[in-house]
Amino acid sequence: MTDKIDFNIQYTITPSSPEAHLYEVVCSIQKPDPGGQIVYLPAWIPGSYMIRDFAKNITEISATSNNQPISLSKQDKQTWLCDKTSSPIEITYKVYAWDLSVRTAHLDTTHAFFNGSSVFLAVKDQENDPVQVTINLPNDKNYKDWQVATTLTREQTKLFSAGNYSAENYEALIDHPVEMGCFDNIDFKVNGIPHHIIITGVHTSDLTRLATDVEKICQTHVNMFGELPEMERYIFLLTIVGSGYGGLEHRSSTALICNRKDLPIKGVQKLNDDYVNLLGLFSHEYFHTWNIKRIKPEEFIPYQLQNETYTELLWAFEGITSYYDELGLVRSKTIDEKTYLELLGKNITRVMRGSGRHKQTLLESSYDAWTKFYQQDENAPNAIVSYYVKGALFAMCLDLKIRAVSKHKNSLDDVMRELWLSYGNKGIGINSSTIPDIIQSLTKQSFSDFFADYLDSLDDLPLGSLLEVVGLKLEKRATDNMDDTGGKPSDKENNTFNLGVKLLSNPLGAKVQVVYDGGAIQQSGIACGDIIIAINKLKASKDNLLSLLSTYFSEDTILFDVFRRDELKTFSVKLQAPVNNTYFITLPEQTPENKTRHSWLGRSTN
């Protein structure tokens, strides 16, 4: 609870028409700018670096002062100017909410979810003022059992209830998403702080196991940083759907969406890939509690939400977080070393298969997130590199390099703790020299060449040599099949050709999803979106394509019949020799080096 505050800015939000997906929001400004108050809605949400123009979802808007209408003149796509008045202003508007994602807002007769950036107008020049929010249930008896889950500060409101909430300023207001409905709630404590997993959607999963595993992961991250940031509680807002996956971090909560099959199954102890991916998502978003929500680039303090905010440091915030999300799984013992090394091999394969790594550096990838990473097309693997995946591999290399030069006295863990204590905990932004300077202070050695060679150049990372530091061997092979993502040795004796393509199943045949630079498919002229229907006059599908080609060899020329849009075309494909672009890591027999590996992975050496 907070002390009594006279709030200058007050919001009331009501799911007024769940069946029409409409929220009604009232923004009351007690002390408007007498020269004309400007209000605006953000163009983007922190953590998702793409202009989304949330204001497009406002369907009606009007304003009154002294119970009389006043005009609102639109200044641009997201900004309004109120008539001059020194009396309180009340702005009423409706927001259409039909985006079932973690980034915006959604409302129907089963639940309500919103991020503040989608529904709450900012009051210009008063963004630092505290605000009050009244959250109402829909005005219908059918919704009387709905609860409210959010980490907004409660103002004389019971936990999980509608009522009055508050935030210290606008940036905080939009950093506490809200879920409303009849949801499941499982909870646990980390360092004495209550943690909740709120589950919305139909499922029959093992929630006890989910809570147990997530608790281990959270405690592992807290142990590394040494403490949790100050908070009353932490909430995971998890939405279950038939097909979907993603997360968006917030200061004391996170919004998650996953496929129903990703959840643990009652009575089944064996880990499957889907559940491991879900645990990685929990781990990733929780690590952001420190890394990006509090440890931030200088450019994000404060956020400028009306336009793009560029930084070259997303590799550090998403890449390092992506490194620790899976590392947190093995350190918490929710997965074993073998599974972790398979995940690592898959990540290496993802990066090394794309020629985009030869065209875009990690710094460029970070800076161009707004236009390239978040607006990918079918040519993305050939044009860009992911600051998530390659950023994670750079973080691993950096960690292993620090361990090597310090004779395993220091690690990237020490760097992250220092970033938290000296920057994140104090609200100080970091710049491009902060991390290298911390490393030099720890190891007494300069890492400037290492950063220049692998952050700001197109050189491949020294993965093999640095994995040897912890007694591991990086190996590569040709691809086994169309769905081979790497991480494991081959189960085939021979690989006779390379197509350079990624396919999707299609009722007519095999749809081309990605064409890799220089591959046989690209050389033939077949393009993304084409549907392969026959090979040498035999009906083709994604499942039988390799079987149809199994009697041919590299240098053989094969006829592919293809639909491009509604036109039937024939292409001659000259098969190429196999390319070794699929990676896996060999786990050696017990050797003295294993002690360093166990130290890295946080495993017992007994």
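The values are calculated or read from the model by the stated rules, or taken from the named source; none is laboratory data. No experiment lies behind these values; they were computed from the predicted model shown. Cβ sites come from the backbone with ideal geometry, for glycine too, and all protein chains shown count toward neighbours.
Residue-level check: of (1) touching a residue at least 12 places away in the same chain (Cβ under 8 Å); (2) in a helix (DSSP H, G or I), S547 misses just (1). Checking T485, T479, T443 one by one, the residue that is of a type in the set (V, I, T), more than 30 Å from K542 (Cα to Cα) and touching a helix residue (DSSP H, G or I) at 6+ places or on another chain (Cβ under 9 Å) is T443 and no other. Contact map, region 569-586: residues that are free of Cβ contacts under 8 Å to residues at least 12 places away in the same chain paired with residues that are surrounded by fewer than 18 Cβ atoms within 10 Å (Cβ to Cβ), Cβ distance under 7 Å, separation 6+ or inter-chain. Pairs shown: T570/L559. Scanning region 525-536 for residues that are over 13 Å from N382 (Cα atoms) and surrounded by fewer than 19 Cβ atoms within 10 Å (Cβ to Cβ) turns up G525, A527, G529, I533, A534, N536. Just one of the listed residues (D483, D459, D491) is surrounded by fewer than 17 Cβ atoms within 10 Å (Cβ to Cβ), without any contact (Cβ under 8 Å) to a residue 40 or more places away in the chain and assigned by TED's automatic domain parsing to the domain that holds S365, namely D459.
Remark: pairs (first residue in region 24-50, buried (at least 23 other Cβ atoms within 10 Å of the Cβ); second residue in a loop (DSSP other than H, G, I, E, B) and at pLDDT below 95; Cβ separation under 9 Å; 6+ apart in sequence or on different chains) = P32/S86. Among the residues of region 248-286, those identified as closer than 14 Å to I197 by Cα and either of a type in the set (V, I, T) or touching a Cys at 6+ places or on another chain (Cβ under 9 Å) (or both) are T254, I257, L278, L281, F282, S283, Y286. Note on region 135-247: enclosed strands (runs of 3 or more DSSP E) holding 1 or more residues that are surrounded by 16 or more Cβ atoms within 10 Å (Cβ to Cβ), β-branched (V, I, T) and modelled with pLDDT of 95 or more are 147-149, 178-181, 184-190, 193-200, 234-241.
Given the condition within 23 Å of Y303 (Cβ to Cβ), of a type outside the set (F, W, Y) and not assigned by TED's automatic domain parsing to the domain that holds P302, answer yes or no: does some residue in region 180-194 qualify?
Checked region 180-194: no residue is within 23 Å of Y303 (Cβ to Cβ), of a type outside the set (F, W, Y) and not assigned by TED's automatic domain parsing to the domain that holds P302.
In region 81-101, the qualifying residues are those that are among the hydrophobic types (A, V, I, L, M, F, W, C) and either touching a helix residue (DSSP H, G or I) at 6+ places or on another chain (Cβ under 9 Å) or not in a loop (DSSP other than H, G, I, E, B) (or both), and the one that is surrounded by the fewest Cβ atoms within 10 Å (Cβ to Cβ) is W98.
Filtered by the rule that a residue be surrounded by 24 or more Cβ atoms within 10 Å (Cβ to Cβ), out of contact with any strand residue (DSSP E or B) (no Cβ under 8 Å at 6 or more places or on another chain) and part of a helix (DSSP H, G or I), region 263-306 gives Y275, L279, S283, F287. All conditions in (1) under 21 Å from C397 (Cα atoms); (2) crowded, with 20+ Cβ neighbours inside 10 Å hold for L363, with the sole exception of (2). In this structure, L442 qualifies as among the aliphatic types (A, V, I, L, M), over 27 Å from the mean Cα position of the chain (by Cα), assigned by TED's automatic domain parsing to the domain that holds Y340 and farther than 17 Å from E312 by Cβ.
Considering region 474-493, and only residues there that are in contact with a Leu (Cβ under 7 Å, 6 or more places away or on another chain) and not small (G, A, S), the residue that is modelled with the highest pLDDT turns out to be L474. Within region 508-544, restricting attention to residues that are among the small types (G, A, S) and part of a strand (DSSP E or B), the residue that is nearest to K492 (Cα to Cα) is A510.
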